[in-house]
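Down below is the structure, laid out as structure tokens.
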Amino acid sequence: TVVVYIIMNLILTVVLDGVSMAIRMEAKLIKFGDLRTFMETWQLYDPNARLVLPTSLLPRLLVQLKPPLGLTTEFKHFDMLKYFREYQIPEHAGQVHYVEVLLTLARRHGGVFFHDTDIR
């Protein structure tokens, strides 16, 4: 009986947390579909699911992605460097990481703020 009560509370907590995140997402400019589109577009450039891309591919990915997470037009190299600096997309030895790019774009373009538990 106590075990059943604990399990029911855990299930209820997980369900309510999911609903809470869904409500936060609905109130923002970025929807779950936009996140799915980001994932699908990233997969085109990262078919082996390494979750990293050469920084040089990021401009093409962002233009293909389109707003709200992507860009409307291609940028020249100098403009892209300004964009990276402004958006503070971390770069690691010439590569960018999936989660860092997604979180940065979601925060900047849609005001979406993830809690640590949302991205695990």
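Read-outs throughout are calculated quantities, based only on the coordinates presented, and are distinct from any laboratory measurement. In this text the structure is predicted, and so the values were computed from the model without any measurement. All Cβ positions, even for glycine, are placed from backbone atoms using ideal geometry, and neighbour counts span all protein chains on display.
A simple count of charges around Tyr98, restricted to other residues whose Cβ falls under 12 Å of its Cβ and scoring Lys, Arg +1 and Asp, Glu -1, yields -1. Residues whose amide H comes within less than 5 Å of that of Val96, counting only those at least five positions distant or on another chain, are Leu53, Thr55 (H built at 1.01 Å from N in the peptide plane).
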